[in-house]
1. If you take the residues in segment 77-112 that are of a type in the set (S, T, N, Q) and open to solvent by 40 Å² or more (accessible area, probe 1.4 Å), which one is modelled with the highest pLDDT?
2. Filter segment 37-74 for residues that are modelled with pLDDT under 90, part of a loop (DSSP other than H, G, I, E, B) and either β-branched (V, I, T) or under 22 Å from I92 (Cβ atoms) (or both) and give the result.
3. Filter segment 12-36 down to residues that are without any contact (Cβ under 8 Å) to a residue 24 or more places away in the chain and surrounded by 15 or more Cβ atoms within 10 Å (Cβ to Cβ), then give me how many there are.
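The values are calculated or read from the model by the stated rules, or taken from the named source; none is laboratory data. Computed from a predicted model, the values in this text were never measured in an experiment. Cβ coordinates were reconstructed from backbone atoms using ideal geometry, including for glycine residues, and neighbour counts include every protein chain displayed. The accessibility values were calculated without ligands, DNA or RNA, using every heavy atom of the protein model including side chains. Shrake-Rupley method; radii C 1.70, N 1.55, O 1.52, S 1.80 Å.
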Amino acid sequence: MEEIRRLLDWEERHRRLVARIAVALGVTLVVDLVGAVLIYRFEHGVAGGKIEGFDDALFFSTVQLLTVSSQLPNPLTGAGRIVDVVLELWAIVVVAGIAGSFSAFFLSADRS
C-alpha cells in the first residue's frame, strides 16, 4: 500500500522531473528546427542529395535526433556533415541527461 500511495503523491521531485523533461523537449524542438533550416540551406540542390524541400530537411533533422541515423544519403557537404554531427551529439546528451533526471527522481524517492 505504501508504494501505491507514493505513486499517487505529487511532490517537488515530480515537478522537477517534469520541468527537466519539458525543458529538454522544448530546446530539442528548437534544435530540430534550426538543424532543419541549416540542412536545407547546405544540402538543398546538391547533386546526388535527397533534400529537395524543407520537409525533407525537417525529416532528416528529426530522424537524426530520434534515432541518430537516416536512410537519406545526406549530408554530402562539409557544413551539412557538421550540422549532422551536432544533431547526433545533442541527441546523445539529451538522452543521457533525461536518464540522469530519472535516476535522480528515483533516488530522491528512496531517500525519503
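1. The initial filter retains those residues of segment 77-112 that are of a type in the set (S, T, N, Q), namely 77, 101, 103, 108, 112.
Filter once more, so that each one left must be open to solvent by 40 Å² or more (accessible area, probe 1.4 Å): 103, 112.
Working: S103: 90, S112: 58.
Looking at the filtered set, the residue picked out is S103.
2. V68, S69, S70, Q71, L72, N74
3. Selection size over segment 12-36: 0.
Residue-by-condition table, conditions (1) more than 19 Å from the chain's Cα centre (by Cα); (2) over 30 Å from G100 (Cβ atoms); (3) of a type outside the set (K, R):
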site	(1), (2), (3)
R15	yes, no, no
A19	no, no, yes
A22	no, no, yes
V27	no, no, yes
I39	no, no, yes
V46	yes, yes, yes
L65	no, no, yes
